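Reviewing the structure listed below.
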Amino acid sequence: MPIMNWDKSLDIGVKAMNDEHHGLLDIMNQIYDAHAAGKQGATINALVAKLGEACTEHFAHEEAYMQRIGYPGFTNHKALHTSLLTRYGDFAARIRAAGGIASDDFFQFLKFWLSSHIKGIDTKYAAHATSVGR
Ligand code: FEO
């Protein structure tokens, strides 16, 4: 059972970024399902690493997109990405140190981040893209 499902409230209207957000949600659900099935150790560590890499890649793509459309909030948005990756790295390190056991607060962080960042932050560059006809 997924921890979070895609719904229209997560649609920012930029297809390439929506597709990547879908991908992040899929990996997040894979981690949750593995955790719920009692998996620990290398399986969890590998999935957590996979999500970290996918986030890093997504943020780089999104930052390039924001620059292409001349988004004025680029610097602040990039700083939020940097902060999220730092926090994610801290969680990943804790999970590794615990022997590949994901914690509830990790899932709360993921769920809150994915939802609030997409709906509250990513939608702003999407609105800018629409306003400049991109
Ligand atoms: Fe889609 Fe700013 O992350």
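The values are calculated or read from the model by the stated rules, or taken from the named source; none is laboratory data. Computed from a predicted model, the values in this text were never measured in an experiment. Quick reminder, even Gly has a Cβ in these numbers, built from the backbone with ideal geometry, and neighbours come from all protein chains shown. All accessible areas refer to the heavy atoms of the entire protein, side chains included, with ligands and DNA or RNA removed. Shrake-Rupley method; radii C 1.70, N 1.55, O 1.52, S 1.80 Å.
Against the compact-protein benchmark of 2.2 N^0.38 Å, the Cα-based radius of gyration of the chain scales to 1.09. For the stretch 13-131, the share of accessible area belonging to carbon and sulfur comes to 56 percent (1.4 Å probe, ligands and nucleic acids excluded). Stretched out straight at 0.36 nm per residue, the stretch from Thr130 to Arg96 would grow longer than its current Cα-Cα span by 8.1 nm. When the charge dipole of the chain is built from unit charges on Cβ atoms (+1 for Lys and Arg, -1 for Asp and Glu) and taken about the Cα centre, the candidate among Ala79, Trp6, Gly52 whose Cα reaches farthest toward its positive end is Ala79. Go ahead and estimate [θ] at 222 nm for the chain from helices alone: -39,500 (n - 2.57) per DSSP H run with n ≥ 4, summed, over the residue count, rounded to 500. The per-residue figure over the chain is -24500 deg cm²/dmol. Its relative contact order, with pairs defined as Cα atoms under 8 Å and 6+ residues apart, puts the stretch 5-102 at 34 percent. With 30 Å as the limit on Cα-Cα distance, the pairs of Lys78/Lys111; Lys50/Lys124; Lys39/Lys124 that go past it are Lys39/Lys124. Per residue, the chain exposes an accessible area of 53 Å² to a 1.4 Å probe, with every protein chain left in place.
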